[in-house]
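Notes follow the structure.
The values are calculated or read from the model by the stated rules, or taken from the named source; none is laboratory data. Bear in mind the structure is a predicted one, so any value in this text is a computation, not a measurement. Note: ideal-geometry Cβ built from the backbone for every residue, glycine included; neighbour counts use all protein chains shown.
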Amino acid sequence: MRTARPCADRTHAPVILHGGLPHGAASTGMRLPHCLLRSPPISILRTSPCDDRAATERSRTQLKGTGEGTRSRANSKEQEIRMTTNPSKTSEAEVSGGGETWLARLALRFTHFSEKWLPDALGFVLIGTFVVLALGLVSGESLLGTPSDPEATSGFGLVDAWGKGFWSLIEFTLQMAIIVIAGYAVAVSPPVARLIAWLAALPRTPRGAITFTAAVAMTTAYVNWAFSLVFTAILAKEIARRLPGVDYRAIGAMAFLGLGTVWAQGLSGSAALQVASAVSSPAAVQKIIAEERGSGVIPLTDTIFLWQGIVATVVVFAVAVTMAWFLAPSPERAMTAERLGIDLGPPLRTKSPSSRRSRPGEWVEFSPTLTIALFVLGVWYLARHFAHAEGNPLNALDLNTVNLILILLALILHWRPVHLARAFREGTPAASGVLLQFPLYGGIFGMIAFTGLHQTIADWLVSVSNEHLYPALIGIYSCVLGVFVPSGGGKWVIEAPYVLGAANELHVNQGWMVVVYDLGEASANLLQPFWMLPTLAILGLKARDIMGYTFAMFLALFPTVLVLVTLLAQTLAFP
């Protein structure tokens, strides 16, 4: 919103301009001051409150006689002025009254609180660093200390553990950056863009759009969480472009919902894939599993494909979709992208941009020949890779494989290398938060993993548990730890030895504990912004913009998860 320069000619009131002309100007022959005619198109012109009232009366007089339709438009524009003059007061007004459900009003209150008080994603990791440091000191961990063995993974003081952990996620950081950029390249390719455009046209109301986005986010996350982050964010952005009345914060929160619900129970769940493969699972974990099963692996049929696991996934999906429906604010109080000052950018390109090579040497970039050849080479390798996987072919699916699949898809969908390079260049800014913040989370990981802090917490949980309460307590613990170490696969390496070891002592099904870990880990993503970064970057939002909605969703989903893991555990035999 821009404010016009003071104008010497005060005989005509400031009016709302669209495309440089006021509504009704052509039909009434209104004369505008020269300084306004020289100004670029603006949304709203404001002066003092007294001038506002006088301007409104003069505008009504000038517009009189242009028909009832014109007067209706003038009234609607006056309402727009009232709604957008003071965004901060509008935000406060959102949380009182209105025609929404009590859940929607609760979400608006949480959102108002988070917008005012919560730090951004970088602030979360900075605060989390010192919270974990203080927790370690209170638990009796030494501040300094380095073991003599350079390969040691325990016995460090908190400061040295932080330093050791800082770069421990560097490979994972690069993998995640490529996932974000390659996923973006796939999502903006013309064929996928046409799919997104088709999907974006399906919702007819803001409430339906928010609910629809939640369902798509969870469905795609079940298949692959990385693709879901990017695909659903772009879908939400396109829906917001087509439905101007949709609350941009709410639809942004729902675009992320897959990572806070079902992703770990899906085909790309890190913990389930790790324990299903002897190559991926640490030797210490395999030894604990083998104590009761005879084999050091737990197949996918005993984790994510358990009927109990499928039931839990379906129930979580249903509760989340229902909550999305009731959390949607009314259009009258929705904070749209325009009201938030967010430029949605140009529409999706459903066709490749036309371009010509300027010199003979550019034929490689403009020819699809090598694109097709490289795609065939990559598919050939992937076929052999999955064919040689131990046991189930899904055991060969890891982050590197996912990245290769995404790059090959982006390559063939963009058809020409020059278009692929453009898509990667446009998607790179979305990975900036990952590159900055993941090493900081690595430091937190180090203070928990390379000291005795994780064992202290786990011992306390086991001491207050029994076979009936154990699944719920591990769900809580996994969620709490996930707030500080938001890495599904990396955190499982920390938790697996004592989670599965205690399960053996209490005679709780091992595969079910993997499911419990997954559900607790996913719930943590609704409370902290680590995995929100790619979605936020694409949408142009801040973490505090959507965390009111994700917290409201957490309040409904996490108790549901705890009840499910407790009741369904009673239907499973040990081990």
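A few points about this structure:
- Comparison of S142, S168, S154 shows that the only residue that is modelled with pLDDT under 95, in a loop (DSSP other than H, G, I, E, B) and closer than 27 Å to G433 by Cα is S168.
- Consider the range 320-339 and keep the residues that are of a type in the set (A, V, I, L, M) and buried (at least 18 other Cβ atoms within 10 Å of the Cβ). The one that is nearest to G511 (Cα to Cα) is A320.
- Residue count for the range 171-183 satisfying the condition of being under 23 Å from R416 (Cβ atoms) and at pLDDT 85 or above: 3.
- Among the residues making up the range 417-436, those that are surrounded by 14 or more Cβ atoms within 10 Å (Cβ to Cβ) and small (G, A, S) are A423, G427, A430, A431, G433.
- Close pairs (6 angstrom Cβ cut-off, 6 or more residues apart or separate chains): farther than 17 Å from Y441 by Cβ in the range 110-139, outside any helix (DSSP H, G or I) anywhere: H112/V95
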